[in-house]
Amino acid sequence: MHLRLGIDLDGVVADFNSGWINRYNSDFGADIPFDAVDAWDGIPSLTHFRHMGEFWTWAKDHGGATMFRHLEVYPEALEALRRLARSGHEIVILTQKPDWAIHDTFAWIAEHELPTREVHMIDDKWRVACDVYLDDAPHQVVSIHRARPESLMCRFVRPWNGPVPGTRDVDNWPGFVDIVRELATR
């Protein structure tokens, strides 16, 4: 069986935290460790920004591009997505982005050759029907699971999210590939 896989970008495929931390340390002479983020929207507690609005204003311009243009890919993410696509599964990108990051996000997807024909930049990701979802945002995991009980909601385990009853925890990309393979053979 071929499945539609709703895949988040930041925190799942793209290493958002290492990206902003690397840039912040460079811009401000700081020394924030890459594993410092342990809370959703906890950036102000690690930086001089008083609130997330100030952070997002800073993130808009980094040498003519937004911060989203320069993120690294998590290890194993691209190979896992390519393996899933070769197996006939549809990779549907579901990402929540500010309007000013749209073009850089498309450029990032193209540069990294993500195996997808479908990209949605959307706040309510549950509006896009998929068989399996993979996300790290606590509010997305809860809302997708609640709105799409017929689908499998997978939480990519990160320090900033916690277990959600009825969802499946994923610790790494090979584990997600195994879950999809298992579901597809039922």
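Considering only segment 111-156, state which residues are under 19 Å from GLY42 (Cα atoms) and surrounded by fewer than 15 Cβ atoms within 10 Å (Cβ to Cβ).
Scanning segment 111-156 gives a single hit, HIS139.
Does LEU84 qualify as being touching a Gly at 6+ places or on another chain (Cβ under 6 Å) and in the same structural domain as ASP124 (by TED's automatic domain parsing)? Let's see the steps before the verdict.
Numbers: touching a Gly at 6+ places or on another chain (Cβ under 6 Å): no; in the same structural domain as ASP124 (by TED's automatic domain parsing): yes.
No: the conditions fail for LEU84.
In segment 84-103, what residues are surrounded by fewer than 21 Cβ atoms within 10 Å (Cβ to Cβ) and not aliphatic (A, V, I, L, M)?
ARG86, SER87, GLY88, GLU90, GLN96, LYS97, PRO98, ASP99, TRP100, HIS103
So, in segment 55-85, exactly how many residues are of a type outside the set (Gly, Ala, Ser) and modelled with pLDDT under 95?
Within segment 55-85, the first condition is being of a type outside the set (Gly, Ala, Ser), and the residues that meet it are 55-58, 60-62, 66-76, 78-79, 81-84.
Add one more test, that the residue is modelled with pLDDT under 95, and what stays is 55-58, 60-62, 66-70, 75.
Residues flagged as of a type outside the set (Gly, Ala, Ser) and modelled with pLDDT under 95 within segment 55-85 amount to 13.
Taking ASP41 and the conditions (1) charged (D, E, K, R); (2) in contact (Cβ under 8 Å) with a residue 24 or more places away in the chain; (3) in a loop (DSSP other than H, G, I, E, B), which numbered condition does it fall short on, given that it satisfies the others?
All conditions pass for ASP41, except number (2).
Under 6 Å by Cβ, and 6 or more places apart or on different chains, what pairs join a residue from segment 95-124 that is outside the structural domain of VAL141 (by TED's automatic domain parsing) and under 19 Å from ASP135 (Cβ atoms) with one that is modelled with pLDDT under 95 and assigned to a loop (DSSP other than H, G, I, E, B)?
none
The values are calculated or read from the model by the stated rules, or taken from the named source; none is laboratory data. This structure is a prediction, so every number in the text was calculated from the model and none was measured. All Cβ positions, glycine included, derive from the backbone under ideal geometry; neighbour counts span all protein chains shown.
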